[in-house]
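Comments concern the structure below.
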Amino acid sequence: MRLPLLTTAAAVTAGVLLIGGCAGSPEGEPAPATDGTSSTTAEAETPEAPEEPDPDAALGWGPTVGELAQAQELVEGWTSEQLAGQVIVGRYHGTDPATVATMVRDHHLAGMSVTNGNILDEAQVRATTAAISKAVAADGRDFPAVIGVDQEGGYVSHLRGIATEFPAFDAAGAAITADGKAGREAVRQAAYATGLEVRDLGFTWVFAPVADVTIGAADPTIGTRSASEDPAVAAKATATAVRGYDAAGVVSTVKHFPGHGAATSDSHDTLPVLDSSLAEIRAHDLPPFEAAIASHAPAVMTSHLDLTAIAPGVPASLAPEVYDLLRDDLGFEGVTITDSLGMGAVAASWKPAVAALNAGADLLLMPVDTVETHRVLTKAIDEGDVTRERAEEAAARVVALQMWQGRAAAEVPVPDDVTTLAGEAAAALSSAAY
């Protein structure tokens, strides 16, 4: 991990001390001044205090400076149980809204991921998302719940039959390749319409866009979920989609850092080993993530890959070196979320939720057993296996982002004709691509 750079003020102070130590004046005597004043007078001058940051200034990932400060102050007073819950996006079985609401309220969960196994029809989806929102409010939290869904387009669309069907994300790359400006607008409109439609159903997060750069037929996991085999095209598509989701007031999730497209096995089943050099990863896999961060991506999802050039033998989602790459090298300051901790690549790891949080994750997605994971995390915070500072840092980022989501959604009401809008956007993207 890189050491933090000196702040400007600290650097100036260090320079003054070095100069003072090298001066040739007798010990205990002030050095003569060159401007007609005594050095004692000069030393007495008080430097100007740095300007306070504007609380209304937006951070590079959505929230304002003031919202993040408010979130930090809020979580400082929380119990270990509350902190542990606020960093978990749970999984649940069945389709009963009351069951999921009880779990969220009793265990202070940030929210839930709703999958196709939890879905019956549109009315039941709306009842479920409303129940999760009410459970968070009943727990005394006045910011939105994290209610997420995989709705990428193509075959990864858990709201199939309920929300509009969009083409897979490779259509975004094809549209941009066919006609850069018009293609980007079609991609932006598709993301914007998707964001509004999932918001209309009660969701606050969408687990998209996919920033992975596929290698084609040898890639069994990503395939058409990727915008392109060309990193530059994938970068344009990913950044454009982020801007569309942002405009819709929904939290997008750029995935799967630092890039799953070159892996030749499926992390749902096993831990893929990626032998790419760091230079190859930078050239092939990172450009879409860099572009997304430059476009103010609010959240980045980490992958479950064994990256031999970065953290050999450790899933990326549990490796501090991977989070350092994301934050120190790419400059990302927003919310980091793991891929599902119930996947085969990590499910058998020793306390994966604790390892991920300590590595740098802010949100832990879909652990195998949500209630047991909450118990384990609470104990880890109580016993110091996860420092309270780390837990508060993660929880505060999540709370601040949800404050942003609530504010952004309030500024962009979902139109009554959102289904028509989404249908037109899906058709336009398909036409631009094919």
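Read-outs throughout are calculated quantities, based only on the coordinates presented, and are distinct from any laboratory measurement. No experiment lies behind these values; they were computed from the predicted model shown. When we count neighbours, we look across all protein chains shown, and the Cβ atoms used for this are built from the backbone with ideal geometry, even at glycine.
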- Query: What percent antiparallel are the DSSP beta bridges of the stretch 256-374, to the nearest 5?
  - Reply: 10 percent
- Message: Give me the net charge for the shell around Val65: Cβ to Cβ below 9 angstrom, other residues only, Lys and Arg +1, Asp and Glu -1.
- Response: -3
- Task: Any chance you could check the Cα centroid distance between the stretch 378-434 and the stretch 275-298 for me, in angstrom?
- Result: 21 Å
- Within the chain, which complete DSSP H helices have Cα atoms spanning at least 15 Å along the helix axis and a mean Kyte-Doolittle hydropathy of -1.0 or higher? 8-22, 65-75, 122-138, 180-200, 231-247, 370-383, 388-411, 418-433
- Task: Only helical DSSP H runs with n ≥ 4 go in: add -39500 (n - 2.57) per run for the chain, normalise by residue count and round the 222 nm mean residue ellipticity to 500 deg cm²/dmol.
- Result: -13500 deg cm²/dmol
- Item | the stretch 226-268 and the stretch 156-210: distance between their alpha carbon centers, rounded to Å | 12 Å
- Note on the structure: Dipole check, the stretch 303-412, charges on Cβ (K,R +1; D,E -1), about Cα centroid: among Leu325, Thr387, Leu365 the Cα furthest to the positive pole belongs to Leu365
- Item | For Val371, net neighbour charge (Lys/Arg +1, Asp/Glu -1) across residues whose Cβ lies under 14 Å away | 0
- Message: What does the charge count around Val114 come to, taking other residues whose C-beta lies under 12 Å from its C-beta (Lys +1, Arg +1, Asp -1, Glu -1)?
- Response: +1
- Note on the structure: By the mean-Cβ-within-10 Å protection proxy, highest first, 274-281, 131-138 rank as 131-138, 274-281
- With the Cα gyration tensor of the stretch 316-434 in hand, convert its eigenvalues to equivalent ellipsoid semi-axes via √(5λ) and list them largest first in whole Å. 34, 18, 16
- Message: Students often check this: by mean Cβ neighbours within 10 Å, which of 400-407, 91-98 ranks highest, and how do the rest follow?
- Response: 400-407, 91-98
- Message: Using the crude model of +1 on Lys and Arg Cβ and -1 on Asp and Glu Cβ, and no other charge, please compute the dipole size for the chain relative to its Cα centre, in debye to 20.
- Response: 1060 debye
- Message: Check which residues have an amide H placed less than 5 Å from Thr302's amide H, if you skip close sequence neighbours.
- Response: Phe257, Ile337, Thr338, Asp339
- Burial ordering of Ser226, Ser80, Ser431, Ser157, fewest other beta-carbon atoms within 10 Å first: Ser431, Ser80, Ser157, Ser226
- Item | DSSP beta bridges in the chain [antiparallel fraction, %, rounded to 5] | 15 percent
- Message: For the ranges 341-349, 255-263, what's the packing order if you count other beta-carbon atoms within 10 Å of each residue, average per peptide, and put the highest first?
- Response: 255-263, 341-349
